[in-house]
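The next block holds one structure in the form of structure tokens; read it before the comments.
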Amino acid sequence: MGTGSREQEFGQPGAMGGPQGPRHRQQELPLRILVPTQFVGAIIGKEGLTIKNITKQTQSKVDIHRKENAGATEKAITIHSSKEGCSQACRMILEIMEKEANDTKIVEEVPLKILTNNSLVGRLIGKEGRNLKKIEQDTGTKITISSLQDLTIYNQERTITVRGGVEECCNAEVEITKKLREAHENDVASLNQQTNVMPGLNMSALGIFSSGLSVLPPASGLRGSLSASANYSPLLGPPSLLGSMYGVPSSGALSLQQTTAEQEVVYLFVPTPAVGALIGKKGQHIRELAHYAGASIKIAAPDNPDDPERMVIITGPPEGQFKAQGRIYGKLKEENFFTAKEDVKLEAHIKVPLTAAGRVIGKGGKTVNELQNLTSAEVVVPRDQTPDENDEVFVKIIGHFFASQTAQRKIREIIQQVKQQERKHQQMVPTPSQPSI
């Protein structure tokens with residue numbers, strides 16, 4: 001039954017889109033719950049009979065992360081099935097825990113605790129908390145969500161705690177899961193549309209989407225649920241699959257095709273009220289973000305206290321730029337600085353050599369117009385700029401994350417082409433011969 005030293009896996013053939021199951025289920029969001037450690041034995045049952053019965057009746061695969069974080073008071077359980085199968089398995093597990101609690105008198109209350117990626121939580125809560133309030137009213141439960149302070153780059157899961165009777169908790173789980181799956185499906189659709197933006201990079205690694213944790217290194221010393229999430233991606237599966245699917249080394253390192261070690265600088269403008277969230281408590285979030293992206297991230301002092309935006313200066317290679325900017329976009333969405341249906345659109349500035357600015361614009365603005373049509377970003381080369389000490393000028397790029405990234409890469413390509421042509425021209429110019437003495 002065991003799949004290794006880290007977890008136990010129980011399931012029905014084809015439950016997750018294997019040889020006997022439909023392939024589309026591979027992209028369905030699993031249900032992840034936290035259970036008290038003392039109830040894990042009862043859930044598994046003697047010789048695994050209880051959990052086998054659950055998987056058989058619900059046509060599901062259940063991973064019990066039993067041996068992770070030894071000594072933790074709670075363990076994570078991941079249920080893979082259809083939404084009906086997940087809900088049915090959850091109900092059976094809750095009923096087992098309720099009976100065990102009544103028989104042993106160990107605890108007075110057994111709440112349902114659902115784990116979900118932070119990128120989905122804002123859409124579950126809804127504007128001014130309306131979605132969550134409606135679920136509470138409709139099901140007669142009390143629902144709380146763990147603090148954002150618990151999140152790190154390595155842990156992007158929040159705990160949704162539902163209190164009430166078993167029936168009420170199960171009804172609430174159905175409604176919560178419905179909202180989470182809708183948000184997840186929207187993310188998957190966006191991910192599928194954008195897979196060619198940055199060839200060779202696993203885009204789910206950014207954490208912008210609900211599937212985005214698969215390549216982050218596990219963090220030690222965190223609560224029982226976390227290391228499971230840091231090593232599991234609902235969309236891509238376990239990290240061992242990543243190498244074959246995306247060419248990602250087993251160490252979790254990422255690579256871009258045609259990446260150079262050249263350091264790039266991007267000036268990204270974010271809403272001033274969002275600066276605190278980006279920095280985090282005592283600077284924790286921005287330090288973790290810089291470490292994760294492999295880039296330098298600095299927030300410039302405001303020119304004026306009333307400025308609506310602040311400039312974030314990101315210095316790093318192309319991969320670091322992609323990851324850092326991606327997480328900043330994601331953080332603004334998670335913190336509800338933009339509504340659930342609103343795209344996060346930010347302004348980015350990059351410097352280009354004055355000799356390349358004309359090429360970015362093109363004859364009669366042809367190139368810049370093509371760039372805008374291709375990327376859906378607004379690209380502006382301001383007129384009458386005074387070049388800086390390096391003979392460079394700014395190009396402004398405004399758009400959602402993928403639009404901005406595509407435009408940045410295309411402009412970098414133009415810069416490289418201009419530099420290559422200049423080098424080639426210099427090589428062709430004959431050096432003056434030295435006069436003979």
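The values are calculated or read from the model by the stated rules, or taken from the named source; none is laboratory data. Here the structure is a predicted model, which means the values were calculated and not measured. Here the Cβ is made from the backbone with ideal geometry for all residues, glycine too, and neighbour counts use every protein chain on show. For the accessible areas, the whole protein counts, side chains as well, though only heavy atoms, and no ligand, DNA or RNA atoms are used. Shrake-Rupley method; radii C 1.70, N 1.55, O 1.52, S 1.80 Å.
Some notes on this structure:
- Karplus-derived 3J(HN,Hα), 6.51/-1.76/1.60, for each residue of the stretch 164-177, Hz, glycine and proline x: x, x, 4, 4, 5, 4, 5, 5, 5, 4, 4, 6, 5, 4
- Stretchable slack from Q426 to K178, in nm (0.36 nm times residue separation minus alpha-carbon distance): 83.0 nm
- Under the criterion of Cα pairs below 8 Å and six or more residues apart, the relative contact order for the stretch 264-424 equals 22 percent.
- Two-site FRET efficiency, Q284 against E185, from Cβ-Cβ distance with R₀ of 30 Å, rounded to 0.05: 0.40
- Hydrodynamic radius (Kirkwood) for the stretch 264-424, which is based on Cα pairs only, to one decimal in Å: 16.5
- Among 89-95, 44-50, 376-382, the peptide with the highest mean count of other Cβ atoms within 10 Å heads the list, and the full ranking is 89-95, 376-382, 44-50.
- Considering only Q88, H184, V162, the residue lying farthest towards the positive end of the dipole of the stretch 31-191 is H184, judged by Cα position with unit charges set on Cβ.
- Extension gain from S82 to Q57, taking 0.36 nm per residue of separation minus the Cα-Cα distance: 7.7 nm
- Percent accessible area from carbon and sulfur atoms, the stretch 31-191, protein chains only, probe 1.4 Å: 47
- Selection from G362, L332, A348 lying farthest towards where the dipole of the stretch 323-372 points positive, charges on Cβ: G362
- Label separation (E108 vs K345): 5.4 nm, computed from points 7 Å beyond Cα along the C-beta direction.
- Ranked order, D307, D391 - accessible area, probe 1.4 Å, largest first: D391, D307
- Karplus-derived 3J(HN,Hα) values for the stretch 275-280, using 6.51 cos²θ - 1.76 cosθ + 1.60 with θ = phi - 60°, are 4, x, 5, 5, 6, x Hz; glycine and proline are entered as x.
- Per residue, in Å², the accessible surface of the stretch 264-424 once ligands and nucleic acids are set aside, probe 1.4 Å: 49
- For T116, the residues 5 or more places off, or on other chains, whose built amide H falls under 5 Å of its own are R158, I160.
- Zone residues, the stretch 391-425, relative to V265, backbone N less than 19 Å from point 7 Å out along Cα-to-Cβ: 391-397, 408-409, 411-413, 415-416, 419
- Rounded to the nearest 20 debye, dipole of the stretch 336-402 from Cβ charges on Lys, Arg, Asp, Glu: 300
- Per residue, the accessible area of the stretch 31-191 comes to 44 Å² when a 1.4 Å probe rolls over the protein heavy atoms.
- Calculated FRET value between Q417 and A70, using beta carbons and R₀ = 56 Å, to 0.05: 0.50
- Peptides 319-328, 171-180 ranked from most to least packed by the mean count of surrounding Cβ atoms within 10 Å: 319-328, 171-180.
- In the stretch 283-437, a dipole from Cβ-located charges (positive for Lys and Arg, negative for Asp and Glu) runs towards its positive end, and of I299, Q426, S376 it is Q426 whose Cα lies farthest in that direction.
- Label-to-label distance, N336 versus K366, with points set 7 angstrom from Cα along the beta-carbon direction: 5.0 nm.
- Scalar couplings 3J(HN,Hα) for the stretch 406-411, obtained by applying the Karplus form with A = 6.51, B = -1.76, C = 1.60 to θ = phi - 60°, are 5, 5, 4, 5, 5, 5 Hz; x denotes Gly and Pro.
- Subtracting the Cα-Cα distance of K99 and K396 from their residue separation scaled by 0.36 nm leaves 100.7 nm.
- Simple spin-label estimate for V275 and D303 in nanometres, 7 Å along Cα-Cβ: 1.4
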